[in-house]
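The values are calculated or read from the model by the stated rules, or taken from the named source; none is laboratory data. Please read all numbers here as calculations on a predicted model, not as lab measurements. Every residue, glycine among them, receives a Cβ derived from its backbone with ideal geometry; neighbour counts consider all protein chains shown.
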Amino acid sequence: MLNTVVLHFSNGEIQKGITEDFFPNKDMFHFKERDKGAVSEVRLGDLKAVFFVKSFEGNSEYRERDDLVRVGFGKKIRVHFKDGETRVGYTQGFSSERPGFFVFPADPDSNNDRIFVVTAAADKVQFI
């Protein structure tokens, strides 16, 4: 399946593109850069998170809400990343023993469809 993604690397770098072979239980996937078309292998260990987005552009003026309730998305969670960013959403399967986990935004109007958080990039994870 073709996924539109924005990769956030642990070194602060951000790349936009597509992937067809991302699986949360694999430590590597292929990524095709949007602008250059270059295909590369990406190691999960180099990432902070993979943002599965609705569009590359998004809406920079939109302020995502984290106080909304979404049924059927799991438990509400707050993720504090080591770089200072915080995300609030829902997860169906967080375990500190796994290399990563999916977070679904609390706001259904978010440009993010879902976010795969690399566990090693999270400073603190709280159920709220």
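On the basis of being within 25 Å of I18 (Cα to Cα) and either part of a strand (DSSP E or B) or in contact with a Phe, Trp or Tyr (Cβ under 8 Å, 6 or more places away or on another chain) (or both), does V125 make the cut?
Here the answer is no, as V125 does not meet what is asked.
Can you name the residue in region 34-56 that is among the small types (G, A, S) and in contact (Cβ under 8 Å) with a residue 40 or more places away in the chain and, of all such residues, is farthest from G17 (Cα to Cα)? Give the derivation first.
Kept after step one, since they are among the small types (G, A, S), are these residues of region 34-56: 37-38, 40, 45, 49, 55.
Of the ones still in play, those that are also in contact (Cβ under 8 Å) with a residue 40 or more places away in the chain are 45, 49, 55.
Values: G45: 18, A49: 14, S55: 10 Å.
Top of the filtered list is G45.
Yes/no per residue for (1) surrounded by fewer than 17 Cβ atoms within 10 Å (Cβ to Cβ); (2) not aliphatic (A, V, I, L, M):
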| site | (1), (2) |
| --- | --- |
| V42 | no, no |
| D46 | yes, yes |
| F51 | no, yes |
| K54 | yes, yes |
| E57 | yes, yes |
| E61 | yes, yes |
| R65 | yes, yes |
| G72 | yes, yes |
| R78 | yes, yes |
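Of the residues G58, G74, which is at pLDDT 95 or above and at positive phi?
Just a single option satisfies the conditions, and that option is G74.
Which of the residues that make up region 9-22 are surrounded by 11 or more Cβ atoms within 10 Å (Cβ to Cβ) and under 23 Å from G37 (Cβ atoms)?
F9, E13, Q15, K16, G17, I18, T19, E20, D21, F22
Is it true that H30 is within 19 Å of M1 (Cβ to Cβ), at pLDDT 95 or above and either in contact with a strand residue (DSSP E or B) (Cβ under 9 Å, 6 or more places away or on another chain) or surrounded by 15 or more Cβ atoms within 10 Å (Cβ to Cβ) (or both)?
On the way: within 19 Å of M1 (Cβ to Cβ): yes; at pLDDT 95 or above: yes; either in contact with a strand residue (DSSP E or B) (Cβ under 9 Å, 6 or more places away or on another chain) or surrounded by 15 or more Cβ atoms within 10 Å (Cβ to Cβ) (or both): yes.
Here the answer is yes, as H30 does meet what is asked.
Could you go through region 83-105 and let me know if any residue there is surrounded by fewer than 12 Cβ atoms within 10 Å (Cβ to Cβ), among the acidic types (D, E) and in contact with a Phe, Trp or Tyr (Cβ under 9 Å, 6 or more places away or on another chain).
Checked against the condition, which is being surrounded by fewer than 12 Cβ atoms within 10 Å (Cβ to Cβ), among the acidic types (D, E) and in contact with a Phe, Trp or Tyr (Cβ under 9 Å, 6 or more places away or on another chain), region 83-105 yields no hits at all.
Is it the case that V69 is part of a strand (DSSP E or B) and not aromatic (F, W, Y)?
No; evaluated as a whole, the condition is false for this residue.
Just need a number here: residues in region 33-72 that are touching a strand residue (DSSP E or B) at 6+ places or on another chain (Cβ under 6 Å), under 15 Å from T4 (Cα atoms) and acidic (D, E).
Total meeting the criteria: 1.
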